[in-house]
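The block underneath contains the structure these notes are about, expressed in structure tokens.
The values are calculated or read from the model by the stated rules, or taken from the named source; none is laboratory data. Predicted, not measured: the structure shown is a model, and the values here were computed from it. Glycine gets a Cβ as well: all are built from the backbone with ideal geometry, and neighbour counts include every protein chain shown. We work out accessible area using only protein heavy atoms, side chains counted, and drop any ligands, DNA or RNA first. Shrake-Rupley method; radii C 1.70, N 1.55, O 1.52, S 1.80 Å.
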Amino acid sequence: MTTETKPFRVDHVGSFLRPQRLKDAREAFANGTIDKEALRAVEDEEIVSLVAKQKKVGLKGITDGEFRRGFWHIDFLEQLTGVEGYVPEQGYNQTFHGKAAPSYNIRLVGKLAFPADHSFLRDFDFLKEAVGQDGEAVAKATIPSPTMILRQEILANDGSSKLAEIYPNLADFYHDLGQTYHDAVQAYYAHGCRYLQFDDTNWAFLADASKRESLKEKGIDPDEIAQVCTQIINAALVDKPADLTITTHICRGNHASSWLFSGGYEPIAKELFATQYDGFFLEYDSDRAGDFAPLRYWDNPDSRVVLGLITSKFPELEDRQAIEERIQEATEYVPLANLCISPQCGFASTEEGNKLTEEQQWAKIDLLQAIAKDVWQ
């Protein structure tokens, strides 16, 4: 096991562009021309290849690129007890600022729980074996935050929610959300996971001025919801093993280089940094992310802030000196020793991927490594 503090000085959010061979195999499976076992064999081979590529560019937190998923979140959430996937009349395609996303979502159909046979645990077992135990790298698992279910059921549901029937008392819903993820954390740990990440668009939703206004019009106080989110997340992190690092990535939406939400972290920073995460991956690649001032609420010297200063949405390489200057700006609020850098998001939160090539994707990682060498060594 690598002994360097996680998150790593140069890290990444999780997803990578799917190779064409993998896309072809998924299409063949959808068309019924190959079976699940044949698809998984292709996935296995491409993940092993991706692990090698990540090691080659010097990454130490190694993911499976989310190669087995269609969506960054739904594939995990729809396997939870009490949740199902469905095709809504209106999907995410109506809200992205850019290309439409596939219309598919999740909804609550019963009491929540984490199933012991969740397929993502088996997927992690494969990744862990592929990464190996050479001490230079560690297998990193990425799953959607529990607040993604809360947002879907309370903040942005399409009118089909049965939440009131299933949980007449909202406190029970919040408790079960926390407990479900507490059990997920323990299950991952039992499978040998020592680096786990909760991906979360909910905080960005609560920070977006237009979304905040729409919630208020519905009689929902976004500040109270933010406090509930902190409560749920911290319940999930209770009794976290000391040698397990759990981070979060705050995302503003990422599909085919498009986005969902806009706005700085100020409205939610106090509640966000009250969560007991070991690291915070924050998007800072555009003016939509605001300035570094909300980092003043960070006050846990045992945690790290990962600055997503390099965009994963577009191929052009950022100016190296400008990025290094921005890192120095952030040290006004967080010591350099507690800062890391990464792309602002994954390269393929949905299987289609962002609008750049694999070569350009790896060039972004190379740039991060060069910047880190300048700044920290």
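Tabulated data
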read-out	value
Long-range amide H partners of Tyr104 with built H, under 5 Å	Tyr92
Percent breakdown of C-alpha pair distances by 10 Å bin, ordered from the shortest bin, for the range 260-324	19, 49, 27, 5
Magnitude of the charge dipole, the chain, Cβ model with Lys/Arg +1 and Asp/Glu -1, debye to 20	240
Calculated Cα Rg over 2.2 N^0.38 Å (choose from (i) 1.02; (ii) 1.23; (iii) 0.93), label	(iii)
Spacing of the two label points (7 Å from each Cα toward its C-beta) at Glu224 and Tyr297, in nm	1.8
Per-peptide average of other Cβ atoms within 10 Å, ordering 54-66, 26-38, 355-367 highest first	54-66, 355-367, 26-38
For the chain, share of DSSP beta bridges that run antiparallel, in % to the nearest 5	25
Percent carbon-and-sulfur accessible area, the range 328-377, ignoring ligands, DNA and RNA, probe 1.4 Å	46
Amide N of the range 210-250 lying under 12 Å from the label point, which is placed 7 angstrom from the Cα of Ser161 along Cα→Cβ	215, 218-221, 225
The range 108-239, accessible surface, carbon-and-sulfur percent (1.4 angstrom probe)	48
Span-like helix ranges in the chain, DSSP H, alpha carbon extent 15 angstrom or more, Kyte mean at least -1.0	36-56, 119-131, 170-190, 222-237, 358-376
Ranked by how many other beta carbons lie within 10 Å on average, peptides 290-298, 209-217 from highest	290-298, 209-217
Residue-normalised accessible area of the chain, given per residue in Å² at a 1.4 Å probe	40
FRET efficiency, 1/(1 + (r/R0)^6) with R0 56 Å, evaluated for Ser210 and Phe29 via beta carbons	0.90
